[in-house]
Amino acid sequence: MSRFAGKVAVVTGAAQGIGAATARLLAADGASVAVVDLSEESAQRVVDEIVGKGGTALAIGADVSDEAAVEAMTARVVEAYGRLDILVNNAGITRDNMLFKMSAAEWNQVLTVNLTSIFLCSKAAQKHMVAQKYGKIVNLSSRSALGNRGQANYAAAKAGVQGLTATLAIELGPFNITVNAVAPGYIATAMTAATAERVGSSPDEHQKMAAERTPLRRVGQPEEVASVIAFLASDESSYVSGQTLYINGGAR
Ligand code: NAP
């Protein structure tokens with residue numbers, strides 16, 4: 001399949017988890033992919049995998065919450081591949097705590113990495129997308145946007161992502177740029193494994209409890225989010241914009 005032949009994609013936070021699965025899928029479908037993460041070395045491992053399978057990819061180390069780093073990362077992608085068609089704003093962190101214990105630093109860090117980074121990366125990417133009159137932006141929200149105990153910072157950031165997505169769709173639509181978000185439920189990644197550890201549970205036990213609360217009776221896998229992101233990044237979703245699609249096994 002070559003849904004993305006000739007297309008250039010940036011996936012942030014792509015050294016592992018949902019981002020890595022997305023980078024692999026976009027590359028397998030023909031895109032040239034910039035695998036962006038804090039550590040260039042970790043991103044390179046995903047690039048090596050992609051290239052080993054005949055794909056095209058480039059590892060870039062960048063903190064997506066740093067405006068200068070985002071500008072430099074975007075410039076490097078356009079210099080390497082000549083254009084920028086797809087931006088997947090996937091990088092994210094959690095710093096869970098109950099409100100009465102949450103520090104301002106925990107609040108700010110989560111807002112900055114999960115929300116401000118999307119503002120920065122989208123602003124840098126749109127310059128090229130507007131000039132091309134073509135672009136696809138997909139943002140990572142979360143089911144936690146609806147509220148989740150111990151996640152005031154993360155829920156606020158992920159709800160903010162939905163508002164930002166709807167607004168960018170309005171502003172960038174006239175330039176043939178679509179902007180959508182996905183809101184996953186429980187996906188088995190390092191992020192949820194770290195949550196399990198924090199609450200004194202094993203990843204398996206934690207996943208089992210999450211599965212019991214989910215109509216499909218299992219947790220999700222990174223590839224099951226990547227396939228929806230790829231749909232929203234493809235021309236199959238050409239008249240879909242400003243939407244947030246929940247990927248949560250049927251949970252309300
Ligand atoms: P993950 O396994 O923790 O991967 C996130 C990646 O982002 C890591 O490689 C991380 O690098 C990187 N990253 C963190 N801060 C960054 C920064 N400032 N600049 C560049 N890269 C940065 O997470 P995941 O579970 O795949 O989640 C991916 C996205 O989906 C996140 O936005 C998350 O909030 C969202 N999501 C996840 C779930 C879930 O259940 N897993 C559910 C809903 C939404 P380091 O490892 O070096 O920090």
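Annotations for the structure displayed:
- Each listed q (0.19, 0.20, 0.23 Å⁻¹) maps to a log10 I(q)/I(0) for region 38-100, found by the Debye formula over equal Cα scatterers with no solvent: -0.85, -0.92, -1.13.
- Theoretical FRET efficiency, 1/(1+(r/R0)^6), r = Cβ-Cβ of ALA211 and ASN176, R0 45 Å, to 0.05: 0.65
- Applying a threshold of 20 Å to the alpha-carbon distances of LYS7/LYS53; LYS7/LYS136; LYS53/LYS136; LYS7/LYS158 flags LYS53/LYS136; LYS7/LYS158 as lying beyond it.
- Equivalent ellipsoid semi-axes - Cα gyration tensor, the chain, angstrom: 28, 20, 18
- Scalar couplings 3J(HN,Hα) for region 58-63, obtained by applying the Karplus form with A = 6.51, B = -1.76, C = 1.60 to θ = phi - 60°, are 9, 8, 10, x, 7, 8 Hz; x denotes Gly and Pro.
- Placing +1 on the Cβ of every Lys and Arg and -1 on the Cβ of every Asp and Glu, with nothing else charged, gives region 99-252 a dipole about its Cα centre of roughly 300 debye.
All of the numbers you see were taken from the coordinates with simple rules; none came from a lab. What you see is a predicted model; the values in this text were computed from it and never measured. Glycine gets a Cβ as well: all are built from the backbone with ideal geometry, and neighbour counts include every protein chain shown.
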